[in-house]
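S.K.: Supplied in structure tokens, the structure appears directly below.
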Amino acid sequence: GTPPARQSSRLLQAVSVAGQPLSRSTAVAVSAIGTHADRIIGLLRSEHLIKVRTPGYDELLEPYHDRIRLSVLDTISDELAHLLHHEIGVHLETHQRVEPESLVDHFLDAGDYDRALQYATESARRAQDKLAFDRAAVLYEQALELHQDSVTIPASIDALDEQRELLRSLAAALA
């Protein structure tokens, strides 16, 4: 298997890239530490590199301090950051019950603009359904930006229809 130092590093990288507390199950899956999880998490805690909170049924892992997160991010390549964001997004999407809004940034930072657009639009609709119109407007604007970034020129009829629908939704949220 992977040497423990490398596994510890991978877990710290995943927790740092996440940008918010990451569930233990997602952190363990993304860093592929498997049966060594307890030992590696204990080691990183004892070295004050990560902290663990237990607000509910699952432990949440995060860097011990923001300076640690930033220094870890400085050491990893853009490719690794994209990969970790993608793996975190996919794990959250398939194994966790999370709000779609929490998936937008992971897929955006992974370079998966189609999925980011899908979750931005879904988040905006949910916000609008909850009468959170200001939040919905911000999310529709983000969805429109993602849509424009992902459309090829010349745009297809479907792409233009999607854009019109997003603009209508944005106007309704602002009304």
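S.K.: Round to a whole number: what % of the accessible area of the chain belongs to carbon and sulfur, probe 1.4 Å?
M.R.: The computed percentage sits at 52.
S.K.: With every protein chain left in place, what is the accessible area of Thr54 in Å² (1.4 Å probe, nearest 10)?
M.R.: Per-residue accessible area (Thr54): approximately 90 Å².
S.K.: What is the set of long-range amide H partners of Ile50 at a cut-off below 5 Å, with H atoms built 1.01 Å from backbone N?
M.R.: The list, which skips near neighbours in sequence, is Arg45, Tyr64.
S.K.: Of all trypsin sites (Lys or Arg not before Pro) in the range 55-164, which ones are in loop regions per DSSP and have a Cβ with at most 12 other Cβ atoms within 10 Å?
M.R.: Taking the range 55-164 and a limit of 12 other Cβ atoms within 10 Å, the loop trypsin sites (Lys or Arg not before Pro) found are Arg97, Lys130.
S.K.: Please give the calculated 222 nm ellipticity per residue for the chain, where each DSSP H segment of at least 4 residues contributes -39500 (n - 2.57) and the sum is spread over every residue; nearest 500 deg cm²/dmol?
M.R.: -23000 deg cm²/dmol
S.K.: Given an 8 Å cut-off on Cα distances and at least 6 residues of separation, report the relative contact order of the chain as a percent.
M.R.: Value for the chain: 16 percent.
S.K.: Can you compute the modelled spin-label distance between Asp158 and Ala5, with each label point 7 Å from Cα toward Cβ, in nm?
M.R.: Between Asp158 and Ala5, the label points sit 5.0 nm apart.
S.K.: So what is the accessible area of the chain per residue, in Å², with the probe set to 1.4 Å?
M.R.: Accessible surface, normalised per residue, equals 57 Å².
S.K.: In the set [x] 17.6; [y] 18.9; [z] 16.5, which value of Kirkwood radius over Cα pairs in Å was calculated from the structure you see?
M.R.: Correct label is [x].
S.K.: Can you classify the range 71-110 as rounded, prolate or oblate using the Cα gyration tensor, where a ≥ b ≥ c are the square roots of its eigenvalues, rounded means a/c under 1.5, and otherwise it's prolate if a/b beats b/c and oblate if not?
M.R.: It comes out prolate by the Cα gyration axes.
S.K.: Let a ≥ b ≥ c be the square roots of the eigenvalues of the Cα gyration tensor of the range 82-174; is it rounded (a/c under 1.5), or, if not, prolate (a/b larger than b/c) or oblate?
M.R.: Note, shape of the range 82-174 comes out oblate.
The values are calculated or read from the model by the stated rules, or taken from the named source; none is laboratory data. Note that the structure is a prediction, hence the values are computed from the model and not measured. Note that each Cβ is placed from the backbone with ideal geometry, even for glycine, and that neighbours are counted across all protein chains shown. These accessible areas exclude ligands, DNA and RNA; they are computed on the full protein's heavy atoms, side chains included. Shrake-Rupley method; radii C 1.70, N 1.55, O 1.52, S 1.80 Å.
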